[in-house]
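*Asks:* Here it is, the structure in full.
The values are calculated or read from the model by the stated rules, or taken from the named source; none is laboratory data. Fair warning: this is a prediction, and the values are worked out from it, not measured in the lab. Cβ sites come from the backbone with ideal geometry, for glycine too, and all protein chains shown count toward neighbours.
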Amino acid sequence: MKLSVEDLNDESRFRQILTISYNDIAPFVFEYLKRFTAVTITFWSFCLVFLGIALIIRINIAGYYPWTNIFSHTLLGLILLPLAVVPVHEFLHALPFLATGSKNIRAGMDLRQFIFYVTVHRQVISRGTFIIVASVPFIVVSVILLFLIYNLPGLWKWSLSLFLFVHTTMCAGDFAMLNLYHINRKKKIVSWDDADKKEAYFYEEF
């Protein structure tokens, strides 16, 4: 049986361990990305590997294309494609919610912190669902981009490899949330969001 938000008020079964305000997402991300765990090692390793791929491609195309073409593809990979992928990234976050029949799905952004988010209002989320929701955009976008980088010609390899690196950095918040669950992996955690108050609540189930 699915838990309701009201069920979490039972102090004999649940204990609230964390509240995150949407206004404080950036400090939360920085805090949890600094914690040295398998999750953060994975995140920073992907960042370094994808940056390395981009640099190798850039070295290999030097002298083969006019600098104007290289510059335009640099802008494409660093700015235009990352901006264009934001709604796709958030839709991929929403897919697991849609697949499980969630009704009150909401999206938002905070440009001051440069964050975008998708959540379900007042629905209790299990650890497994949360991990899937957080992981899907990174996995799907990375696999597609690696395939395209391998198969497309030189300049596209450059712009898409830059895009791959930038998109990975855009997943920092997702990896920070995954790290929260990893650090508390011995606890049975559930969570829910109040999208009106812009707060997320995390509970330990006894």
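*Asks:* For the stretch 98-123, what are the residues that are at pLDDT below 95, over 16 Å from residue 173 (Cα atoms) and among the hydrophobic types (A, V, I, L, M, F, W, C)?
*Replies:* Passing the criteria: 98, 99.
*Asks:* Which pairs turn up if I take residues in the stretch 33-56 that are small (Gly, Ala, Ser) and look for partners that are at pLDDT 95 or above and in a helix (DSSP H, G or I) with beta carbon separation below 7 Å, at least 6 apart in sequence or on another chain?
*Replies:* 38/182; 54/161; 54/162; 54/165
*Asks:* Within the stretch 173-206, work out how many residues are part of a helix (DSSP H, G or I) and surrounded by fewer than 17 Cβ atoms within 10 Å (Cβ to Cβ). Break it down into steps so the answer makes sense when it comes.
*Replies:* Our first condition is that a residue be part of a helix (DSSP H, G or I); within the stretch 173-206, this holds for 173-183.
Next cut, surrounded by fewer than 17 Cβ atoms within 10 Å (Cβ to Cβ) only: 183.
The total comes to 1.
*Asks:* Another question, if that's okay. Residues in the stretch 164-186: is at least one under 16 Å from residue 20 (Cα atoms), of a type in the set (S, T, N, Q), touching a strand residue (DSSP E or B) at 6+ places or on another chain (Cβ under 8 Å) and modelled with pLDDT of 95 or more?
*Replies:* Yes: the stretch 164-186 contains one or more residues that are under 16 Å from residue 20 (Cα atoms), of a type in the set (S, T, N, Q), touching a strand residue (DSSP E or B) at 6+ places or on another chain (Cβ under 8 Å) and modelled with pLDDT of 95 or more.
*Asks:* Looking at the stretch 54-74 only, could you name the residues that are loosely packed, with under 11 Cβ neighbours inside 10 Å and of a type outside the set (A, V, I, L, M, F, W, C)?
*Replies:* 63, 64, 66, 68
*Asks:* A further question on this structure: If I filter the stretch 110-128 for residues that are touching a Leu at 6+ places or on another chain (Cβ under 7 Å), among the hydrophobic types (A, V, I, L, M, F, W, C) and under 27 Å from residue 58 (Cα atoms), do I get at least one hit?
*Replies:* So far as the stretch 110-128 goes, no, none of its residues is touching a Leu at 6+ places or on another chain (Cβ under 7 Å), among the hydrophobic types (A, V, I, L, M, F, W, C) and under 27 Å from residue 58 (Cα atoms).
*Asks:* So in the stretch 9-53, with the set limited to residues that are surrounded by 12 or more Cβ atoms within 10 Å (Cβ to Cβ) and among the basic types (Lys, Arg), which one is farthest from residue 206 (Cα to Cα)?
*Replies:* It comes out as 35.
*Asks:* I need the full set of residues from the stretch 120-149 which are assigned to a helix (DSSP H, G or I), surrounded by fewer than 19 Cβ atoms within 10 Å (Cβ to Cβ) and either among the hydrophobic types (A, V, I, L, M, F, W, C) or out of contact with any helix residue (DSSP H, G or I) (no Cβ under 8 Å at 6 or more places or on another chain) (or both), in order please.
*Replies:* If the condition is that a residue be assigned to a helix (DSSP H, G or I), surrounded by fewer than 19 Cβ atoms within 10 Å (Cβ to Cβ) and either among the hydrophobic types (A, V, I, L, M, F, W, C) or out of contact with any helix residue (DSSP H, G or I) (no Cβ under 8 Å at 6 or more places or on another chain) (or both), then 128, 131, 132, 136, 139, 140, 143, 144, 146, 147, 148 are the ones that fit.
*Asks:* I'd like the residue in the stretch 187-206 that is aromatic (Phe, Trp, Tyr) and at pLDDT 95 or above and, out of all such residues, is nearest to residue 86 (Cα to Cα).
*Replies:* Per the stated criteria, the residue is 192.
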